[in-house]
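Below is one structure; the comments refer to it alone.
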There are 2 protein chains.
Amino acid sequence: MTETVTADLRPAAPTAPERRAAVAELAASLPEGMVVTDPDILAGYRQDRAQDPDAGTSLALVRPTTTEQVQTVVRWCAAHGVPIVPRGAGTSLSGGSTAVDGAITLSTEKMRALTIDSATRTAVVQPGLFNAEVKAAAAEQGLWYPPDPSSFQICSIGGNVATNAGGLCCVKYGVTTDYVLGLQVVMADGRALRLGGKQLKDSAGLPLVKMFVGSEGTLGIITEITLRLLPPQAPACTVVGSFASVHQASEAVLAITAQIRPAMLEFMDSVAINAVEDQLRMGLDRSAGALLVAQSDAAGPAGAAEIALIEAAFTEHGATEVYATSDPEEGEQFVVARRMAIPSVEKKGSLLLEDVGVPLPQLPALIDGIAEISRTNDVVVSVIAHAGDGNTHPLLVFDPTDPTEHDRAQLAFGQIMDLAIALGGTITGEHGVGRLKKGWLPDQVGADVMELTATIKRALDPQGLFNPGVIL
Amino acid sequence: MTETVTADLRPAAPTAPERRAAVAELAASLPEGMVVTDPDILAGYRQDRAQDPDAGTSLALVRPTTTEQVQTVVRWCAAHGVPIVPRGAGTSLSGGSTAVDGAITLSTEKMRALTIDSATRTAVVQPGLFNAEVKAAAAEQGLWYPPDPSSFQICSIGGNVATNAGGLCCVKYGVTTDYVLGLQVVMADGRALRLGGKQLKDSAGLPLVKMFVGSEGTLGIITEITLRLLPPQAPACTVVGSFASVHQASEAVLAITAQIRPAMLEFMDSVAINAVEDQLRMGLDRSAGALLVAQSDAAGPAGAAEIALIEAAFTEHGATEVYATSDPEEGEQFVVARRMAIPSVEKKGSLLLEDVGVPLPQLPALIDGIAEISRTNDVVVSVIAHAGDGNTHPLLVFDPTDPTEHDRAQLAFGQIMDLAIALGGTITGEHGVGRLKKGWLPDQVGADVMELTATIKRALDPQGLFNPGVIL
């Protein structure tokens, strides 16, 4: 009998006309044109940079500009049981903003307000700004926002916060969460909360700001971010080293990180070197097995000592060529080369992009193991890495028109995550779990942690409407 | 009828003999002597450094050495509905480890294992070690654990994590949460979870490690901590400045922080200067209205430039005396003076100790406002501060035998928190809310954030057994 009652109370799935009427109601409650149902436009929001082939199609796209409008959308979704996929600039590499059939895609691309407060050395930003725009605005006031994903010119600061994004400078300057002082978040019932603020230290209550950084849109929608800024970085000296083997290069990394914290320590393998050289023609050594790009931004004799130490580590571990420059512009060329690695390798085929990280001493084992996985599956895997913090980006290249190659790449994709877990590492150092890696998360963290994750999700989003299919 | 059923099902409160039998059962399941019920020993665990006069008396004290023993205690507590107060070294300044009548006090003082892994530059520690012991063990391997509460020689690393403790170096090097990579936590049902690990970057799943740092023992019991270590700090140069007024000193602080990140920037007012000088006789200027102690650990010309900038800021803002030294030992004497401020002022009477923080530009307004509150309530308030990050410690001095003075101090204590909230700041920058400040937390964060806090607490600790009366 109880079952019958439950069945009677459960609302029937809305019919197509009912759904259209509901969306029209949402559109009417927001400024003209803010709710989009044009199929051509929706098609452009189905996938993100992860190119998930299983992407759905949204019921509608909403591009709000204010927190209040986000609240309107969330309240409407809660009332109608419609899921919401938050989307920044659509540069997720883990399918974090892949569209879901019947859901609202809430794009923050038009939330672009920004104020820099140089007195408190903070920025208050809306989530839709690009990382590079935040950096530029800070720089205009003589300040610096450090986190620098390789995609910094095209990724949104909201997406950075949602995934706790990293970048090249993290080896010395930490990741996004280290710079988030405050948030405004729209919760599942439509309430907007202010968490934290401009004070640099705050132990008042549970650490709720930190709980949302890296939650990938599953607990609430971030509509405003207060970021800590630093005084400008001192000019960096750059050292580039070519190595015959990736193994030698990874040993050189360990020799450096055991002694100093470089401002950058990046790794590219032979495939990446050649792909970049194809694009940039800057004279990289095409015969090298691996390239390391290191920087020191320490000043004076301390900086000179760091550069000497890096050069010595390169040489001791068999570098065939070592080049150092204190010219920031020349150094930046090598950093640009490293940032260009992903788009350059992408010219060779479709990519499955990994983001596995390991405790530093396991880096050589990870790189060796990836080479083995590449061989056994007959799949080209190019490895680039934020080597100084053990975070690697194996790029699996496949011909999208060849189904067996795609399948082999998928298999290798999973094996690389299995390897990282076996080495005590993580399936994602900075991109987030998204939809593409969630199958591996339980293997990394275990059933009990997954249950705690689900408990928190249920408590904060009882209807399960925020970014369904991500993490859980 | 429903009500009658509920009443029938509710267990009667255990009688005293039943309670004794249950405790005996717990004692039998743990090593000999680990469960203590001796009233004389329990009396020593009633209060912490906050000296809460409303402290209760525990049912028993348990001093486990392993995670498994903590699990045994938590499971027993869950089965019997007995609350647990986790306690580190008992140095809480907010009543975070005040004993609760009928609860178990779980002291981590015997959980003292430690391993330093210099290859990953991490420390894996049990919570009962003193902060100073972690620092010393890291230093033996040529590494550095930065967070440095003034009480670092007597406070536990577990308590530091529970409160997200700060210290003097935070102005440049951040707070405890910035150094916590992994945790083992015993949850309310007795399960022990491993969260995070030795990898420097990890975006896999919800940021659960961060959620526990600063949760003040209300969500779980931390039994192991993986800490990030840094290469050793470069030797610091120290600049000390005497000022006629606290206002001039706080203006000098702003002039410095607008331009550089000093490695330390500490403030003491006239009461603190004189109290310290009474103890240390080191020749501090007793006539000064305020003293600033600043450090730069930048190397070479950059360091020299920072020191020059600090000296200039001191002089421009009316410093009557400026003294700089590059001798680390001499510099450390001034830091010791600053650390001695609380125990020195404490010689003048009982203390109510504040921990209010504000966005930096509000620092002069906070300091002026505290002086006004001191006057109107006729209570001596000495202000010391981690001035560089806007975190102040007003010390309210009262005669414990004079009830009206105690009442006036209590009134001023609340007014200072009200002032910090009005200035957009926090009631606690680094000590935690504990039991003493929870009355003010809703005023700072608002009803909606309190509700979210309660939702998370209920989800993770449905019986409400972990550190009841703290935060909520």
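Brief remarks on what is shown
- Over 32 Å between alpha carbons, listed pairs A:Lys210/A:Lys348; A:Lys438/B:Lys172; A:Lys347/B:Lys172; A:Lys457/B:Lys172; A:Lys198/B:Lys348; B:Lys135/B:Lys437: A:Lys210/A:Lys348; A:Lys438/B:Lys172; A:Lys347/B:Lys172; A:Lys457/B:Lys172; A:Lys198/B:Lys348
- Within segment A:357-467, the proportion of Cα pairs with more than 24 Å between them is 32 percent.
- Segment B:262-328 has equivalent-ellipsoid semi-axes of 24, 14, 9 Å, by the square roots of 5 times the alpha carbon gyration tensor eigenvalues, sorted largest first.
- For B:Arg286, inter-copy separations between label points set 7 Å beyond Cα along the Cβ vector come to 8.1 nm, shortest first.
- Relative intensity of segment B:239-422 on a log10 scale, I(q)/I(0) at q = 0.09, 0.10, 0.14, 0.18 Å⁻¹, equals -0.31, -0.38, -0.72, -1.14, per a Debye sum over C-alpha point scatterers of equal strength in the absence of solvent.
- Here each label is just a point 7 Å from Cα along the line to Cβ, and for A:Asp327 and B:Glu32 those points are 7.7 nm apart.
- With each label modelled as a point 7 angstrom along the Cα→C-beta vector, the B:Ser118-A:Glu451 pair spans 4.2 nm.
- Whole-angstrom gap from segment A:153-190 to segment A:50-72, using each part's C-alpha centre: 19
- Chain A: Rg to Rh, with Rh as the Kirkwood radius over Cα pairs: 0.99
- The chain B residue nearest the rotation axis shared with chain A, using its Cβ and rounding the distance to whole Å, is B:Gly300, 1.
- 17 Å tail of the calculated P(r), segment B:88-152, as % of Cα pairs: 50
- Semi-axes of the equivalent ellipsoid for the protein assembly as shown, computed as √(5λ) from the eigenvalues of its C-alpha gyration tensor and ordered from largest down, come to 43, 37, 28 Å.
- Alpha carbon centroid spacing (whole Å) that separates segment A:402-445 from segment B:131-148: 36
- Each copy carries a label point for B:Tyr323 at 7 Å from Cα along the beta-carbon vector; from one copy to the others these points are 5.3 nm apart, nearest first.
- Here the label points at B:Ala305 and A:Ser287, each 7 Å from Cα along the C-beta direction, are separated by 4.2 nm in the simple model.
- Calculated SAXS-style log₁₀ I(q)/I(0) at q = 0.18 Å⁻¹ - segment A:114-228, Debye, Cα scatterers: -0.86
- If R0 is taken as 25 Å, the Cβ-Cβ distance between A:Ala21 and A:Arg191 corresponds to a FRET efficiency of 0.45.
- To the nearest ten degrees, helix A:300-316 and the longest principal axis of the Cα atoms of chain A are 80 degrees apart.
- Shape analysis of segment A:2-107 yields a ratio of the Cα radius of gyration to the Kirkwood radius, Rg/Rh, of 1.02.
- The same position B:Arg458 in the other copies lies at 1.3 nm from this copy, comparing label points 7 Å beyond Cα toward the beta-carbon, shortest first.
Quick note: the coordinates plus some simple rules give every number you see, no bench work behind them. Everything numeric in this text was worked out from a predicted model, so none of it was measured. For neighbour counting, all protein chains shown are included, and Cβ atoms are generated from backbone atoms with ideal geometry for every residue, glycine included.
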